Amino acid sequence: MRLLNTPAAVTLSTDGTPKAITWPQPGPRTTPQRPRRVTTVIDEWRYDGRWWEERPLGRDYYLVELEGGIQAELFREHDDWCITRIAD
């Protein structure tokens, strides 16, 4: 399991779930990043933070399997996406 916590670009399917994900990979900046196709949405859940916190979070989390068998956890907060970790 690798922690990433990095912004991601996500393409959504017609039902609103992730269809493809692109995130920065280590290496030269000139290397083009190709989207990874989502093969399965394993789980999804919502996290609104704790009631005593000043600012509610409102994050939609997804655990997905990508092509090649990689599992990724990502979330959407408003219109921003972040990939939190991957297991390959």
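Amide H contacts of L66: T39, Q71, A72, each under 5 Å away and 5 or more positions distant or on a separate chain (H built 1.01 Å from N in the peptide plane; Pro and chain starts excluded). One compactness figure for the chain is 1.13, namely its Cα radius of gyration divided by 2.2 N^0.38 Å.
Between the amide H of L12 and those of K19, distances stay under 5 Å, these residues lying 5 or more places away or on another chain, with hydrogens modeled in the peptide plane.
What is the gain in length, in nm to one decimal, between D80 and E54 on full extension, counting 0.36 nm per residue of separation less the C-alpha to C-alpha distance? Walk me through the numbers on the way to the answer.
Numbers: separation 26, 0.36 × 26 = 9.36 nm, distance 2.03 nm.
Gain on stretching D80 to E54: 7.3 nm.
Remark on T84: its backbone amide H falls under 5 Å from those of N5, E73, L74, F75, a criterion applied only to residues 5 or more positions apart or on other chains, H modelled at 1.01 Å from N. Counting Lys and Arg as +1 and Asp and Glu as -1 over every other residue whose Cβ lies under 14 Å from the Cβ of G49, the net charge comes to -1. Taking packing as the residue-averaged number of other Cβ atoms within 10 angstrom, the listed peptides 33-40, 45-52 run from highest to lowest as 33-40, 45-52. Each principal axis of the Cα atoms in region 39-88 has its own extent, and those three values, largest first, are 41, 17, 15 angstrom.
What is the magnitude of the charge dipole of the chain about its Cα centre, with +1 placed on the Cβ of each Lys and Arg, -1 on the Cβ of each Asp and Glu, and no other charges, expressed in debye to the nearest 20? Mind dumping the intermediate values first?
Values: 12 positive and 14 negative charges, 79 e Å.
For the chain, the charge dipole is close to 380 debye.
Coordinate-derived values only; no laboratory data. What you see is a predicted model, and the numbers here were worked out from it, not measured in a lab. Virtual Cβ from ideal backbone geometry, glycine too; neighbours counted across all protein chains shown.
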